[in-house]
1. From the list 202, 151, which one is open to solvent by 20 Å² or more (accessible area, probe 1.4 Å) and touching a residue at least 40 places away in the same chain (Cβ under 8 Å)?
2. In this structure, does residue 303 turn out to be part of a strand (DSSP E or B), closer than 27 Å to residue 208 by Cβ and without any contact (Cβ under 8 Å) to a residue 40 or more places away in the chain?
3. Pull up region 166-180, narrow it to residues that are under 11 Å from residue 154 (Cβ atoms) and either in contact with a Pro (Cβ under 8 Å, 6 or more places away or on another chain) or hydrophobic (A, V, I, L, M, F, W, C) (or both), then point me to the one that is surrounded by the fewest Cβ atoms within 10 Å (Cβ to Cβ).
4. Run down 84, 50 and say which single residue is at pLDDT 90 or above and more than 30 Å from residue 157 (Cβ to Cβ).
5. Is there a residue being over 56 Å from the mean Cα position of the chain (by Cα), open to solvent by 90 Å² or more (accessible area, probe 1.4 Å) and hydroxyl-bearing (Ser, Thr, Tyr) anywhere in region 52-63?
6. So for region 4-14 (the condition being among the small types (Gly, Ala, Ser), open to solvent by less than 90 Å² (accessible area, probe 1.4 Å), over 19 Å from residue 75 (Cα atoms) and part of a helix (DSSP H, G or I)), does at least one residue qualify?
7. Kindly establish whether residue 403 is at pLDDT below 85, surrounded by fewer than 14 Cβ atoms within 10 Å (Cβ to Cβ), of a type in the set (Lys, Arg) and on the phi < 0 side of the Ramachandran plot.
8. Against the conditions (1) in contact with an Asp or Glu (Cβ under 9 Å, 6 or more places away or on another chain); (2) without any contact (Cβ under 8 Å) to a residue 60 or more places away in the chain; (3) open to solvent by less than 50 Å² (accessible area, probe 1.4 Å), where does residue 49 fall short? Just the number, please.
Amino acid sequence: MSEDKFHASVKISDDYYKAFLSIEFLDSKTKLEPGDVQKILNERNVTYGIKHNIIQEICKQSKDVYDVLIAEGIPHENGKNAEIEYKIEKDHTTKPQVLEDGRVDFKNIGFVEMIKEGEVLATKKPATKAKQGTTVTGKVIKGRDGKDSAFKIGKNCKISPDGLSVISESDGSVLMQGDKLTIIKVLEISKDVGVETGNIEFHGQVIINGNVTSGYSVECEDDLLINGVVEGAKIKSNGNIVVSRGIQGMDTADIYCGGSLTSNFINSATVYSRSDIEAAAIMNSHVRCDGKIVVKGKKGLIVGGDVSAKGDVEANVVGSELGVITSIKIGVDIEIIEELKNLTGEVKELMDMHNKLDKSLKLLKHKIEKNPNDERSIIMYKKYTQGFLDMDTQLTEKRQRLKMLNELMNNIRGASLKARKIFPGTRVKIGSGSYYVKKQLSQVAISRVDGEIVAKVL
């Protein structure tokens, strides 16, 4: 049929999965045949998914139509990527709970997530295959298959025969390193560490359901939970440490913590933590911390000794009404402090040797001027001169490093001491500057502002 009796157009969607027909009749007497519509579609290469029932209806009614869906292909489907579901808590954290009466519960903090042999740790929903599609022009479109996700496992874990599960091969506690699953075997001691056990050294995680008595040591590679008291003992853990009942150090306890340290109280002990410290009280102790220190609970007390932290220090009360000397250092990198201390001693020692060598060189020079043939003095002069030059180079390098460290200390900023009460006798040091508390301060934050250490009311 001639198209001077009607206007026809075919629109194809951008994805080529749908075609739309529009027909405008120019003569009301025009009769449209299915073959005419088929011809129009063929001219636009629409050959697949044609809706013949729609064509029949259009021809029967012979009325104008606009954008009628006349053909529909089969869209392709991309496969779904594999999904891994962990059956354990990935971001396991330990945090003491503050009770309604203000006390802090250091026992029920969920320190260890115990795993049994044969327990499923993670499952995988496999990737799916793609489904191909066909456009209205008859073109076959292939989809993308879903991507597989591989399990990452460490020690004491295995993958099930069907490859869809990770299963524990032993009792222990779970360790997540990114997405890598590892089961750490746990050493659990049901008694005090003391005469019956001897010193404890373990490459995994340790749980002690008693005290660590004076004169003994506990050393482990992973987290350490002590459900009793640490007395005058030596404790070293490369993971986190929790001491439920507290550290009664008797001036001999030495604690090293590679992670965060949580203890009910710390009394008369030397403590170093590579991360944060949280306690209900810190008393008469030497405490160093590369993170922040939070002392909270009913007392929330820091009194006596010296406390150093790279981050903030927060407490309810600092010092005491009796004026006990309490030293707080904040915004301090512990490693820089140690290097600064050691380097200062080295520079002083080198300067003393430098001065002595300078005097010796002057004496030798005087002897050689009097007796130019004094070979022994000439040899010693040359030897001492080389030593003097080497020492000069060392001294210059160490002085430059010392200057840089002092500048770092002087430019420390950001950290602060916050407390409800700070009593006289408290000394706050930030970098190379100090602030002496001469009268009681309340609801205050002490920090460094524009190079000066100031106390501001919160």
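1. Selected residue: 151, the only one of 202, 151 that is open to solvent by 20 Å² or more (accessible area, probe 1.4 Å) and touching a residue at least 40 places away in the same chain (Cβ under 8 Å).
2. No, not satisfied.
3. The extreme case among them is 176.
4. After applying the criteria, what remains is 50.
5. Within region 52-63, not a single residue is over 56 Å from the mean Cα position of the chain (by Cα), open to solvent by 90 Å² or more (accessible area, probe 1.4 Å) and hydroxyl-bearing (Ser, Thr, Tyr).
6. Scanning region 4-14, I find no residue that is among the small types (Gly, Ala, Ser), open to solvent by less than 90 Å² (accessible area, probe 1.4 Å), over 19 Å from residue 75 (Cα atoms) and part of a helix (DSSP H, G or I), so the answer is no.
7. When the stated conditions are applied, residue 403 passes them.
8. For residue 49, the failing item is (2).
The values are calculated or read from the model by the stated rules, or taken from the named source; none is laboratory data. Computed from a predicted model, the values in this text were never measured in an experiment. Because the Cβ atoms are built from the backbone with ideal geometry, glycine has one as well, and the counts that use them run over all protein chains shown. Quick note on the areas: whole protein, heavy atoms, side chains included, nothing else; ligands and nucleic acids left out. Shrake-Rupley method; radii C 1.70, N 1.55, O 1.52, S 1.80 Å.
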